[in-house]
Amino acid sequence: MTGRNDRRTTATVASALRLLQLRSVQVSVCLISLIVTVVLYAQKNEKPIYSDTITATKTIGKTMYSRKDLWREDNQSVHSDISSTKIILSYTPARWFDEWVGTKWNTTNVFRTCPVSNCVLTQDRTMLNVADAVLFRLNDLGTCRTKFKQGQVWVLFEHESPNYAHKSLKKCNNNLVNWTLTYRRDSDFMLVHGQFPQHDTGYNVSGMYQLLRSKSKTAVGFISHCKAPSKRDEFVRKLRSYGVDIDIYGKCGNLTCGGGKDTKWKGVWNVTSGHKDNCFDVLDSQYKFYLSLENSLCKDYVTEKSLHLVLRHQIVPIIRDGANRSLYHPPHSYVDTKDFKSIKSLAKYIKYLSENFDEYLQFFNWRKQYSVETVSGVLQSVFCDMCNRMHNQHRYKRLYNNVKHFYEKSHGRETNKHICRNRLI
């Protein structure tokens, strides 16, 4: 009897142990499931960390914010949803950019008309440790820098050519720049001097007949930066030697015009409405051609010399740069020096157009279908795009492992070749 009871007791204990083991397994499964859920949730809500292996290959009212409004007490900006305000800091804004922003610093007003408008633009450097994005010029990267918080986006914001803008660039700032805002067409945001919307403008070429007919001089240029890398001084001398009549205003010529150095940039960028540079009145009244000669012949490097500054006037630009001109201008609105085998053949064509008015007149037909807009519209579009990307950073992850290489080298079929060339034609 005792043995039978012992066997029952043993069986009961074994059953209890099996039940306990089963429950332990169930508990373990539950714990593992809970841990997995927590990890997945944390990853979903984690701030983006930019990969160091991705390289560049390409293309409301006046709401004021106090400093307390712009960040939380723990100095951590909200990143997780579109309702948060993204702070974009321009570390060293150029004069023309400051002019464009005007009274809109530290407000959402720059982004007021954007599809995503919850961004603030500031130039207050004390906000460097809380800004969601920081815009640096190349010279700003002449000092080794460190990102102040996880997920902070650095943007290279540069409009100068590599011949002038990279002298103090430090290698220690590689693998820190996420986006680029430059004149390069393979930048994340492209900065170009003006644009040409296509529409019926009502332009009457015949109405301009008398003005264009009255022009008595051939070509003019405004040049004060002499001995530039592009050798444009020598180019002008050669063109003159083949009989082209050319007047040069500025330090590189013998003609002068008012305006002064302190206000010259306003005429160049023309980012505010109402500014008028009377120096350029001669373009409409006297000259047939304007010499749009860049100081550097670099890939994609195009400035106001052939875009909004010139084509707002009744004149034909003769363009000398390193860009594919058809990507920028309306058709048949310019003469490109790259289309000629020699300066002599170019001079012959200029003299031909000067003497054949009907042929010269054809260079104004584009004005019937295109209007000229300044860089202001370009900047507005760029910063609308930037605000949108700041609220969707997970879609635009990028890191430049060599900023100097990006800014100086070709990334197409001629990989690793310097993008600037020196030539006479």
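List of remarks:
- Residues located in region 310-322, provided they are in contact with an Asp or Glu (Cβ under 9 Å, 6 or more places away or on another chain) and either part of a loop (DSSP other than H, G, I, E, B) or farther than 19 Å from K215 by Cα (or both): H313, Q314, I315, I319, R320, D321, G322
- Enumeration of residues in region 323-354 that are part of a helix (DSSP H, G or I) and either at positive phi or touching a Pro at 6+ places or on another chain (Cβ under 8 Å) (or both): none
- Per-region count, region 234-249, residues surrounded by 17 or more Cβ atoms within 10 Å (Cβ to Cβ) and under 18 Å from N422 (Cα atoms): 4
- Given (1) open to solvent by less than 10 Å² (accessible area, probe 1.4 Å); (2) part of a strand (DSSP E or B), number of the condition T218 does not satisfy: (1)
- Looking across region 94-147 at every residue that is of a type in the set (A, V, I, L, M), open to solvent by less than 10 Å² (accessible area, probe 1.4 Å) and more than 18 Å from the chain's Cα centre (by Cα), the one that is nearest to N402 (Cα to Cα) is identified as A131.
- Taking the conditions (1) open to solvent by 10 Å² or more (accessible area, probe 1.4 Å); (2) in a strand (DSSP E or B) in turn, F289 satisfies each one other than (1).
- Any hit, region 319-328, residues being open to solvent by 70 Å² or more (accessible area, probe 1.4 Å), out of contact with any Gly (no Cβ under 9 Å at 6 or more places or on another chain) and farther than 21 Å from D186 by Cα: no
- In region 357-383, the residues that are assigned to a helix (DSSP H, G or I) reach residues that are among the hydrophobic types (A, V, I, L, M, F, W, C) and surrounded by fewer than 18 Cβ atoms within 10 Å (Cβ to Cβ) with C-beta atoms within less than 6 angstrom, at least six apart or across chains, in these pairs: F364/V205.
- Flag if K338 is of a type in the set (D, E, K, R), modelled with pLDDT under 90 and closer than 23 Å to V192 by Cα: no
- Hits in region 305-338 - residues which are of a type in the set (S, T, N, Q) and closer than 20 Å to I425 by Cα: S306, N324, S326, S333, T337
- Checking each residue in region 342-378 for being open to solvent by less than 70 Å² (accessible area, probe 1.4 Å), out of contact with any strand residue (DSSP E or B) (no Cβ under 9 Å at 6 or more places or on another chain) and not aliphatic (A, V, I, L, M) picks out S342, S345, N356, F357, N365, W366, R367, S376.
- Unique residue being surrounded by fewer than 18 Cβ atoms within 10 Å (Cβ to Cβ) and under 26 Å from V302 (Cα atoms) when the list is Q198, Q150: Q198
- Test: S84 is more than 19 Å from the chain's Cα centre (by Cα) and either modelled with pLDDT of 95 or more or open to solvent by 20 Å² or more (accessible area, probe 1.4 Å) (or both): no
The values are calculated or read from the model by the stated rules, or taken from the named source; none is laboratory data. Because the structure is a prediction, the values reported are computed rather than measured. Here Cβ is always computed from backbone atoms with ideal geometry, including for glycine, and neighbour counts include all displayed protein chains. Ligands, DNA and RNA are stripped out before the accessible areas are found, and what is left, the full protein with its side chains, is counted by its heavy atoms. Shrake-Rupley method; radii C 1.70, N 1.55, O 1.52, S 1.80 Å.
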